[in-house]
Amino acid sequence: MSVFEQTYEEAKANYKPLRRSQISRRNAVVPQRKTDAEDRSDRQLNASHGFLARKPAMNKRGARTKAWDAARAWLHRQFRLKGILTCQIRFPGCWFDREVYFAHPAKRRNLREGELYVVAKACNPCHDQLEIMAPERMRSIVEAAFNNTGIVRKQI
């Protein structure tokens, strides 16, 4: 006997109430994956109005950003010429040669005049440890590492 051939009384006798976990699964709607074209068009359309939305304008690059870009390019060349491609700080947990970036002797907002070019190469864990140190200790470690590179300070 199929489900359609049952009488109401028979179906009621076989009915088992669902548990809470089964109820949420029963009502769940499985999302259908969109095609790439649909996904692109959805990102371009403003959902509430249905017209092409303008992207918010980015802030223009200021003088400090432009100065740091020029300094970073110069520093990359200098460190590469000296053969310094790994972390100079080497605290416990150092990544040695993965994700190595420049570390300044102070937070960027607290840099003194001409300190933009005083940097040390540091991996992310070492840089994070430098950031939480006292400012004087951070300054002394980065300046000592920079002085060991043999790179002449660029005068600006």
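No value in this document is a laboratory result; all are computed from the given coordinates. Quantities reported herein were computed from a predicted structural model and do not represent experimental measurements. Every residue, glycine as well, gets a Cβ built from its backbone with ideal geometry; the counts of neighbours run over all protein chains shown.
Loop-located trypsin sites (Lys or Arg not before Pro) across the stretch 111-156 with a Cβ neighbour count of 13 or fewer within 10 Å are R112, R153, K154, with loop assigned by DSSP.
Among the chymotrypsin sites (Phe, Trp or Tyr not before Pro) within the stretch 75-155, those in coil by DSSP and having at most 16 neighbouring Cβ atoms inside 10 Å are W95, F96. For the stretch 63-147, the normalised intensity computed at q = 0.14, 0.24 Å⁻¹ comes to -0.44, -1.28 (log10 of I(q)/I(0), Debye sum over alpha carbons, equal scatterers, no solvent). Applying both filters, DSSP loop and at most 14 other Cβ atoms within 10 Å, to the GluC sites (Glu not before Pro) of the stretch 90-129 gives E99, E113. Taking amide H positions as modeled 1.01 Å from N, with prolines and chain starts lacking one, the residues under 5 Å from I89 and 5 or more places away or on another chain are C123.
Using the Karplus relation 6.51 cos²θ - 1.76 cosθ + 1.60 with θ = phi - 60°, the per-residue 3J(HN,Hα) values for the stretch 71-87 come to 5, 4, 4, 5, 5, 4, 4, 5, 5, 5, 4, 7, x, 8, 10, 10, 5 Hz, with x marking Gly and Pro.
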